[in-house]
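Here is the structure we will look at.
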Amino acid sequence: MPQVKYHAAIPLDSFACADAQENSDVSRIFYDKAERYMVIRLKTTYYHYCAVDATTVQGLKAAPLKRQFFEARIKGNGADGPFDCRTQPIPKKYRQ
């Protein structure tokens, strides 16, 4: 059960997992479609994102440059982003 930065340890058994197939610091993508909740491993650190639609996750998985897609479409500007769990609700089953 990995420790998600700024949150808690999250069991990944209900997530669909995908390895990144490129030389990038995006190494794994975990997505719970029913909860619209994504955990991503950047290098060795896990981060979470809330209210993420399946189309965005598919775009990330298919992107030739995953880190570039992540920075432009998911991460946000540092204070807020479209999927920031500080402004989007964390699904009840993943709250600690």
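The values are calculated or read from the model by the stated rules, or taken from the named source; none is laboratory data. All figures in this text were calculated on a predicted structure; none of them were measured in a lab. Don't worry about glycine lacking a Cβ; one is built from the backbone with ideal geometry, like all the others, and counts go over all protein chains shown.
Return a yes/no flag: does the stretch 60-71 have any residue that is assigned to a helix (DSSP H, G or I), at pLDDT below 90, out of contact with any Pro (no Cβ under 6 Å at 6 or more places or on another chain) and buried (at least 18 other Cβ atoms within 10 Å of the Cβ). No - not one qualifying residue is present in the stretch 60-71.
In the stretch 13-32, the residue that is surrounded by the most Cβ atoms within 10 Å (Cβ to Cβ) out of those that are in contact with a strand residue (DSSP E or B) (Cβ under 7 Å, 6 or more places away or on another chain) and of a type in the set (D, E, K, R) is Arg28.
Looking at the stretch 15-26, which of its residues are modelled with pLDDT of 90 or more and not β-branched (Val, Ile, Thr)? Within the stretch 15-26, Phe15, Ala16, Cys17, Ala18 meet the criteria.
Looking at Ile40, Ile10, just one residue is crowded, with 18+ Cβ neighbours inside 10 Å and farther than 17 Å from Gly59 by Cα, and that residue is Ile10. Scanning the stretch 50-96 for residues that are of a type in the set (Ser, Thr, Tyr) and over 12 Å from the mean Cα position of the chain (by Cα) yields Thr55, Thr87, Tyr94. Scanning the stretch 4-14 for residues that are over 13 Å from the mean Cα position of the chain (by Cα) and either over 22 Å from Asp80 (Cβ atoms) or part of a strand (DSSP E or B) (or both) yields Ala9, Pro11, Asp13, Ser14.
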